[in-house]
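Working notes for the structure below.
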Amino acid sequence: DLRLRWEYYDDIPQDASAALAGGGENSYFRIRPRLWTEIDPMANVTLKLRGVTEFRRYMQPGSNKGYSYPDEWALDLGYIDIKKLFGDKLDLRIGRQELAYGNGLVILEGTPKDGSRTLYFDAIKATWKGIDKTTIDLLGIYNQPENELVINSQNRDLTGLSSGYNDMTESGGGIYVMNKSMEMMPFEIYYLFKQEGDWVSGPATNQVSH
């Protein structure tokens with residue numbers, strides 16, 4: 001699949017330095033091709049792989065050369081689905097996957113610092129469907145600051161707290177219950193926890209560990 005996006009804005013700051021300068025004109029195209037394949041080696045078992053790159057063509061400012069063609073190709077999906085276990089009551093998804101809960105307001109993006117190029121989590125998800133009109137998801141997540149499964153690596157930080165390279169690992173998990181027994185008022189209950197690893201801040205010559 002191929003996504004083409006044109007972004008244009010003026011006087012909208014992107015970071016602290018731009019805010020001090022009052023923003024400026026930005027106009028650029030974002031081109032994101034993705035190649036994927038899906039294999040069913042046996043009944044109820046599916047393997048999915050997907051690679052992605054995103055490069056940009058800047059008109060304004062013309063000096064910006066970020067995300068130049070061909071940029072890096074990265075694996076953003078790589079999981080195995082095992083379905084219909086225990087009499088069609090349990091599904092498992094193991095590996096690099098996308099997770100979305102609460103209309104994307106509770107869980108959505110595991111790699112926030114590369115924009116919308118990728119959204120993945122390195123995770124295990126077990127879905128229990130043994131209760132009528134109810135699904136129960138158990139999650140375990142471990143995201144590293146950099147995607148190691150890339151070609152032409154650009155050494156991009158994916159999880160950090162600031163615009164710099166923070167080298168922060170995120171892990172966590174929890175339980176998410178979705179119930180549709182009341183057609184006019186479905187509801188969700190969840191308990192989630194998150195652990196942030198050590199991270200660094202400051203210039204390369206004087207970095208501080210947290």
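Tabulated data for the structure shown
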quantity	calculated
Positive-end extreme of charge dipole, region 96-210 - chosen from GLY197, THR134, ILE151 (charges on Cβ)	THR134
Protection proxy ranking of 33-41, 49-57 - average other beta-carbon atoms within 10 Å, highest first	49-57, 33-41
Potential lengthening between LYS89 and ILE12 on full extension [0.36 nm per residue; Cα-Cα distance subtracted]	22.8 nm
Nearest-0.05 FRET efficiency for HIS210 and GLN60, computed from C-beta distance (R0 35 Å)	0.45
Computed lengthening from MET42 to VAL106, 0.36 nm per intervening residue step minus Cα-Cα distance	19.6 nm
Selected from MET168, MET185, VAL45, residue furthest toward positive end of dipole (the chain; charges at beta carbon)	VAL45
Computed [θ] at 222 nm, deg cm²/dmol, the chain (DSSP H ≥ 4; -39,500 (n - 2.57); rounded to nearest 500)	-500 deg cm²/dmol
Cα-only Debye scattering, the chain: base-10 log of I(q)/I(0) at q = 0.09, 0.12, 0.17, 0.18 Å⁻¹	-0.47, -0.80, -1.29, -1.37
FRET efficiency, LEU4 to GLU146 (Cβ-Cβ, R0 22 Å, nearest 0.05)	0.25
Where the chain is the region considered: accessible area per residue in Å², 1.4 Å probe	60
Local net charge near SER209, Cβ-Cβ under 10 Å (Lys/Arg +1, Asp/Glu -1)	-2
Percentage relative contact order, the chain, counting C-alpha pairs under 8 Å, at least six apart	12
Neighbourhood net charge (11 Å Cβ-Cβ; Lys/Arg +1, Asp/Glu -1) for GLY115	+3
Debye, to nearest 20: dipole size of the chain, +1 on Lys, Arg Cβ, -1 on Asp, Glu Cβ	540
Summed side-chain charge close to SER171 - residues other than SER171 whose Cβ falls under 14 Å, Lys, Arg +1, Asp, Glu -1	-3
Hypothetical label at VAL200: residues of region 160-189 whose amide nitrogen lies under 18 Å (7 Å Cα-Cβ projection)	160-170
Carbon + sulfur, % of accessible area of region 87-196 - ligands and nucleic acids excluded, 1.4 Å	57
Whole-Hz couplings from phi, Karplus 6.51/-1.76/1.60, listed for region 42-52; x for Gly and Pro	7, 4, 6, 10, 10, 10, 10, 10, 8, x, 9
Pairwise FRET efficiency - GLU188 versus GLN154, Cβ, R0 = 45 Å, nearest 0.05	0.75
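The values are calculated or read from the model by the stated rules, or taken from the named source; none is laboratory data. All values reported here derive from a predicted model rather than from experimental measurement. When we count neighbours, we look across all protein chains shown, and the Cβ atoms used for this are built from the backbone with ideal geometry, even at glycine. Areas reflect the complete protein model, heavy atoms only, side chains present, ligands, DNA and RNA absent. Shrake-Rupley method; radii C 1.70, N 1.55, O 1.52, S 1.80 Å.
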